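The values are calculated or read from the model by the stated rules, or taken from the named source; none is laboratory data. This is a predicted model, so every value here is computed, not measured. With ideal geometry, Cβ positions are generated from the backbone for all residues, glycine too; neighbour counts draw on all protein chains shown.
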Amino acid sequence: MIGARPGQRIVLFAFSGIWWVQPFVNQPFTRVQPDSTWSNSTHFGTKYAALLVEGNYQPPANINALPPAGNGVVAVAVVNGSPEFWQTWWFLLLATLAAAGMVAAYFFQRMVLLGSEEKRFREAIETMPAMAFSARSDGHWTFVNRGWVEFTGLNVAQSAGVGWQTAVHPDDLSHLLNKWLRSLASGEPLEHELRIRRVVDGAHHWFLMRSQALRDMHGKILRWYGAATDIEDRKRAEQLQAALAHANRVNTMGELVASISHELAQPLMASTMNAKASLRWLQHEPPDLAKAREGTKKIIEAGTLASEIIDRLRSLYKKAPPKRELVVINEVVVEMTGMLKSEARRHGVSIRIDLKDDLPMTVADRVQLQQVLMNLMLNGIEVMNETGGVLTVKSQSNALGGFEVTINDTGPGLPPGKADQLFEAFFTTKPQGSGMGLSISKSIIEAHGGHIWATNNEGRGATFHFTMPPAVEDQSATK
């Protein structure tokens, strides 16, 4: 503490090798009232010089030594600065260490949490009921989970890179690789059904493989993650359904033998008649080549029609795995109308069609759609067996972007109280019916993502409806 009288000031200097003037010396000094105090808070261990000077004292620009008393200097006091505890080296060191410790503890805690989360994630991946994998952005596989190893017998090292392809059934590998390369190039997700084998004995199951790209904030692909789910049971169910559908087609076609024979007899008879007529024209003197040429043309047309009928029958009889392809529904309706028109006439029924243009295409098994139409149209024809009537087949677009087909009859209508049972297996209202036609039709339509139902008409008869979804770009390829 240095006392000061009015008009006097205190000038402070700090010692660091030599005495030097604090920066605020050249600034206006603050006047100090008598008995006021001053305390420092500068560097630790620094000596301070306090000069009590008169009000008219002018300090030099630089001071290398303490000015003597006099010449405006009232008194000189040199003291050892004693820093506050928070300014000491040991406190600052402890504070630095404490801060570093807190940061380290935070990061350690984060590492522990991340390690725990990674462990839980890996446990989930390893125990999930599917085969999981990951790959680099270029498609190079880097990881497979326990499910993959246990089923295929290939460990992570053997599956890395392109080693996983060893487990893919040879008949499915080419198609899978084409789709995988397209996904790598476009970044679009992969979804594909394929057979995966055990490398030990070659036994295989059907799997649905899906893969999705992981991207950074700029959209760049970092990695690919995927899983393959066992669909063997579903495939077996589809095969069983296909076998039942084939049996139903064969049984139905057997019931249509008379109509089919008549349908085939017409072009064959026409061919025979035109062949005889052409022969007579050629025997004229001179031969009437124009007439003979016309007769030959009609023979070709009749032969083509007979060939088309046989092809349609062969496709319905043939037992082949389902084949998804782009289908124009109006073409299928026209084909089945032509095939069943003789059967309709035999029952006193006329068939009318009302087909809207520009309907979307659908991805479906063409033969199975033919079977659905055949079942529904034959049902309508048979319910009008005693009375005759009109069977109307219509096609139109629907609100979901696909299309709807309706088969309308003028028969007695749906059985009272049993409309909900129509599509159940073995349910039938016909004495000789198997009860499988509508059930199989329902299975086929629903397997294609559509819907089928029946309603009573306001007047006579009933209407059967079914819808189909539109083809999307990724489905256009045959599976």
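What the table shows:
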| quantity | calculated |
| --- | --- |
| Filter result for GLY219 (under 24 Å from ALA237 (Cβ atoms) and in a loop (DSSP other than H, G, I, E, B)) | no |
| From ARG236, ARG182, residue being surrounded by fewer than 15 Cβ atoms within 10 Å (Cβ to Cβ), of a type outside the set (Asp, Glu), modelled with pLDDT under 90 and farther than 17 Å from MET131 by Cα | ARG236 |
| Selected residue (criterion: surrounded by the fewest Cβ atoms within 10 Å (Cβ to Cβ)) from residues of the range 143-171 that are of a type in the set (A, V, I, L, M, F, W, C) and not in a helix (DSSP H, G or I) | VAL162 |
| Residue within the range 113-128 that is in a loop (DSSP other than H, G, I, E, B), at pLDDT 70 or above and loosely packed, with under 14 Cβ neighbours inside 10 Å present | no |
| Boolean, THR455 is more than 16 Å from ILE329 (Cβ to Cβ), among the polar types (S, T, N, Q), modelled with pLDDT of 80 or more and more than 26 Å from the chain's Cα centre (by Cα) | yes |
